[in-house]
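Step one of this worksheet: look at the structure below.
The values are calculated or read from the model by the stated rules, or taken from the named source; none is laboratory data. Please read these numbers as outputs of a predicted model, since none were measured by experiment. Cβ sites come from the backbone with ideal geometry, for glycine too, and all protein chains shown count toward neighbours.
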Amino acid sequence: MEDITATLHAHPTVGEAVREAVMAANKSAIHIPNKQIYGGNIMIESATGKIGNIVAMRMTRGTDVFAGIAEMCEKYQIKDGVIISALGSFRKVAFTTLIDLPNGKKGYGEPTVFEGNYELVSLSGIICHDTEGKILPHIHMTFTDEEGNAYGGHMQPGCEALITTDIVIGLLTDIDMGRRFDEELGIPVFAPKNK
C-alpha cells in the first residue's frame, strides 16, 4: 500500500481515486476528513476554492510547450490555476528528475533532453506565482518513446510539439497559489492559501 500512496497521480483521475482509497484504508487520506501526520507534526498547508474559467489551447509543431503554457497564462492572467488535461506528441523533450545535491540536500540538476518521436501521456501541474506575482508553472509530465518505454519528471523549457499538443487549464478562484522559498529545503515550495 505504501508504494501506491507514494506515487504522484494527475488530478483528477481514476488513479487518484484508487490512491485516495488506499490512503483512507491507512487513515491518511487527503480529500476525506482526517489528518496525515509525519513524526507527530502536521505538515499540510491547504486552501479551498473552485474552478472558474477554463482555457483550452492547441500548440502546433515546433512550439515550445512549456513556454506556450507560460505565455497563455500571461495572456489570460492565470496565476492561480491547475492543468486539467493534456495530450499530444513531442519531437524534443526536456525534463529534470530528483537527485542528491553536493550540499546534501535534494534538488534538480541539469535537464535531460531527448529528441525523436514521443507520445505525451499526461501533464500534471499547477500554475503558481511568486511574491511579486510572476507566473510560475510547475509541471510534471509522463511520455513514452516509440517502443513504449515511459519516462517522467519536471517539464522544462525546450519541450517541442511534434504533431500537436492540446492542453486545458482551469483558473482557480478563492485560492492564492503562491510559491515561497523554503530555507530548510533550499527550494521554492507551493504555499496555497485562501484569498
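Below are the figures for this structure:
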{"quantity": "Criterion violated by L98 - all others in (1) more than 17 Å from D166 (Cα to Cα); (2) in contact with a strand residue (DSSP E or B) (Cβ under 7 Å, 6 or more places away or on another chain); (3) of a type in the set (A, V, I, L, M, F, W, C); (4) at pLDDT below 55 satisfied", "calculated": "(4)"}
{"quantity": "Subset of the range 52-66 (residues that are surrounded by 14 or more Cβ atoms within 10 Å (Cβ to Cβ) and over 15 Å from the mean Cα position of the chain (by Cα))", "calculated": "V55, M57, M59, T63, D64"}
{"quantity": "Test: A86 is touching a Ser or Thr at 6+ places or on another chain (Cβ under 8 Å) and at pLDDT 95 or above", "calculated": "yes"}
{"quantity": "Scan of the range 84-100 for residues that are in contact with a His (Cβ under 9 Å, 6 or more places away or on another chain) and outside any loop (DSSP other than H, G, I, E, B), ordered by number", "calculated": "I84, F95, T96, L98"}
{"quantity": "Subset tally (residues that are outside any strand (DSSP E or B) and over 18 Å from Y118 (Cβ atoms)) for the range 48-83", "calculated": "13"}
{"quantity": "Candidates E160, E132, filtered to the one that is acidic (D, E) and touching a Phe, Trp or Tyr at 6+ places or on another chain (Cβ under 9 Å)", "calculated": "E160"}
{"quantity": "Elements of type strands (runs of 3 or more DSSP E) in the range 122-195, at least 2 residues being surrounded by fewer than 16 Cβ atoms within 10 Å (Cβ to Cβ) and without any contact (Cβ under 8 Å) to a residue 60 or more places away in the chain", "calculated": "175-182, 187-194"}
{"quantity": "Top-ranked residue of the range 155-175 - restricted to ones that are modelled with pLDDT of 95 or more and of a type outside the set (A, V, I, L, M, F, W, C), ranked as nearest to N117 (Cα to Cα)", "calculated": "E160"}
